[in-house]
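Notes to accompany the following structure.
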Amino acid sequence: MAILQIAADRPGSGKSSLSGALLLHLTCANRRAAYYKPLSKLAENDLDVAFFSQSLKANAAFTPPPAASPMPRSNSSLDANLSTRVEAEVTRLKSLAESVLLEGPDLADTEGVVSPLPLELSSATGSWIVAVFSYSKELTSDAIAESCQPLGERLAGVLINSVTAYRGHHAKNVLGAELINRGIPFLGAVPEDRTMLGVSVQQILDYLKGRWVQEPEHVDARVERFLIGGNILDDGPSYFGRLANQAVITRGARPDIQMASLTSHPLCIVLTGGQEPAEYVKAEASQRGVPLILVDTNTIDTADSLSGLLDLATSRSVQKIQRFLHLLEENADLEAMASLALS
């Protein structure tokens, strides 16, 4: 059996997505896999643990699910007690599963200071490490090699994630080739994907500090794009029906736009200006199961404020994990990673 640790260059690079996708892949292949997040800033309140245990059925036979311990301070090492606790939990899971997936800490802190924790966890648990790097135009093979250097022989491979449009060739054929020439196993380059960047309707309401116009439905639906409803020249279905999984932003005083948008089944409508919609709009939205969110800000300010919403996107969605698994199948050496998790 094997223990595989997933580390990353920074928060949001895709550790949880990769952990979930590998877990789903192994489970679908009828392999007994366990998930463990040894360290977290949120400790036992970390929502990833509950998601993997409940939604992905990880550790179902290994109750109770292992809780995360508090993350040591920046640039701190594992103390003896914490190391012993983690080692004991991994030993327990090893006795019950064919594979243990560890979601490890980042390779460096927010200031860029190298963290000793991934290697120390590897030493304590005997885990191999797959490092996930978030793509940017500034990312170089030198930077990747420098970040991975402290991992030494425990590094099993590098995966580049969130590759922007038209940069796939550079990520795979330039960065990937350079890493291979350095002797660093290259596992693939996964493109940026709207599904993975989606946020829930509930997250939109919370972020905008809005309020429900009426009892909502489908608040966990994932919104992938926003469309502003204004004075449009096209007919409603042509304008609003072009794209799926969208939220519409429009003034509360524009029932014509609201009714036109409802014909295309948006996941929610954000009504700006603090004015409640007409009763017939409420009735139509209720019949179609479309949540209505009311905010006091105007349309432009509301749209502008959403720029920070993507920072709240998480992988805690079965749909997202399934999508990331598909992206791995198309763009990475999934079987190599599965083999690392099993041998």
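The values are calculated or read from the model by the stated rules, or taken from the named source; none is laboratory data. All values derive from a computational prediction rather than experimental measurement. Cβ coordinates were reconstructed from backbone atoms using ideal geometry, including for glycine residues, and neighbour counts include every protein chain displayed.
Among the residues of region 7-15, is there at least one that is more than 22 Å from SER134 (Cα to Cα), assigned to a loop (DSSP other than H, G, I, E, B) and either in contact with a strand residue (DSSP E or B) (Cβ under 8 Å, 6 or more places away or on another chain) or not acidic (Asp, Glu) (or both)? It would help to see each step written out before you state the result.
Pass one, region 7-15, residues more than 22 Å from SER134 (Cα to Cα): none.
No, that holds for no residue.
Results for (1) assigned to a loop (DSSP other than H, G, I, E, B); (2) among the basic types (Lys, Arg); (3) at pLDDT below 95, shown as yes or no for each residue.
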position: ALA131; (1), (2), (3): no, no, no
position: ALA145; (1), (2), (3): no, no, no
position: ALA156; (1), (2), (3): no, no, no
position: LYS172; (1), (2), (3): no, yes, no
position: LEU175; (1), (2), (3): no, no, no
position: GLU178; (1), (2), (3): no, no, no
position: GLY183; (1), (2), (3): yes, no, no
position: ILE204; (1), (2), (3): no, no, no
position: TYR207; (1), (2), (3): no, no, no
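Condition first: under 18 Å from LEU96 (Cβ atoms) and surrounded by fewer than 24 Cβ atoms within 10 Å (Cβ to Cβ). Now tell me which residues in region 5-36 satisfy that.
LEU26, THR27, ALA29, ASN30, ARG31, ARG32, listed by residue number.
Identify, by number, the condition in (1) in a strand (DSSP E or B); (2) surrounded by fewer than 22 Cβ atoms within 10 Å (Cβ to Cβ) that LEU101 doesn't meet.
Going through the list (1) in a strand (DSSP E or B); (2) surrounded by fewer than 22 Cβ atoms within 10 Å (Cβ to Cβ), LEU101 breaks only (2).
Looking at (1) modelled with pLDDT of 75 or more; (2) over 22 Å from LEU4 (Cβ atoms); (3) not hydrophobic (A, V, I, L, M, F, W, C), find the lone condition where THR84 falls short.
Going through (1) modelled with pLDDT of 75 or more; (2) over 22 Å from LEU4 (Cβ atoms); (3) not hydrophobic (A, V, I, L, M, F, W, C) one by one, THR84 breaks only (2).
Restricting attention to region 19-43, and to residues there that are part of a helix (DSSP H, G or I) and under 21 Å from GLU120 (Cβ atoms), which single residue is farthest from the chain's Cα centre (by Cα)? It would help to see each step written out before you state the result.
Start the filter on region 19-43 by keeping residues that are part of a helix (DSSP H, G or I), which leaves 19-28, 43.
After this cut, where a residue has to be under 21 Å from GLU120 (Cβ atoms) as well, the list is 19, 43.
Details: SER19: 10, ALA43: 19 Å.
Result: ALA43.
So for region 91-113 (the condition being more than 14 Å from PRO66 (Cβ to Cβ), modelled with pLDDT under 95, over 23 Å from the mean Cα position of the chain (by Cα) and acidic (Asp, Glu)), does at least one residue qualify?
yes
Of all residues in region 310-343 being among the polar types (S, T, N, Q) and either over 22 Å from GLN54 (Cα atoms) or more than 14 Å from the chain's Cα centre (by Cα) (or both), which is modelled with the highest pLDDT?
Step one: list which residues in region 310-343 are among the polar types (S, T, N, Q), which gives 314-315, 317, 319, 322, 331, 339, 343.
Checking the rest, the ones that are also either over 22 Å from GLN54 (Cα atoms) or more than 14 Å from the chain's Cα centre (by Cα) (or both) come to 331, 339, 343.
Numbers: ASN331: 98, SER339: 95, SER343: 80.
So the residue we want is ASN331.
So which of ALA145, ALA97, ALA88 ends up being in contact (Cβ under 8 Å) with a residue 24 or more places away in the chain and either farther than 23 Å from THR164 by Cα or acidic (Asp, Glu) (or both)? Break it down into steps so the answer makes sense when it comes.
Values: ALA145 fails: either farther than 23 Å from THR164 by Cα or acidic (Asp, Glu) (or both); ALA88 fails: in contact (Cβ under 8 Å) with a residue 24 or more places away in the chain.
After applying the criteria, what remains is ALA97.
Any idea which of ILE180, ILE204, ILE184 is free of Cβ contacts under 8 Å to residues at least 40 places away in the same chain and under 29 Å from the mean Cα position of the chain (by Cα)? Let's see the steps before the verdict.
Values: ILE204 fails: free of Cβ contacts under 8 Å to residues at least 40 places away in the same chain; ILE184 fails: free of Cβ contacts under 8 Å to residues at least 40 places away in the same chain.
Only one candidate passes the filter, namely ILE180.
Do we find that VAL219 is surrounded by 14 or more Cβ atoms within 10 Å (Cβ to Cβ) and in a strand (DSSP E or B) in this structure? Working first, answer last.
Numbers: surrounded by 14 or more Cβ atoms within 10 Å (Cβ to Cβ): yes; in a strand (DSSP E or B): no.
Spelling it out, it is not the case that VAL219 is surrounded by 14 or more Cβ atoms within 10 Å (Cβ to Cβ) and in a strand (DSSP E or B).
For region 184-207, check the following and say yes or no: at least one residue is closer than 30 Å to SER343 by Cβ and out of contact with any helix residue (DSSP H, G or I) (no Cβ under 7 Å at 6 or more places or on another chain).
Looking only at region 184-207, we keep the residues that are closer than 30 Å to SER343 by Cβ, and these are 184-191, 193, 196.
Filter once more, keeping what is out of contact with any helix residue (DSSP H, G or I) (no Cβ under 7 Å at 6 or more places or on another chain): 185.
Yes, because at least one residue in region 184-207 is closer than 30 Å to SER343 by Cβ and out of contact with any helix residue (DSSP H, G or I) (no Cβ under 7 Å at 6 or more places or on another chain).
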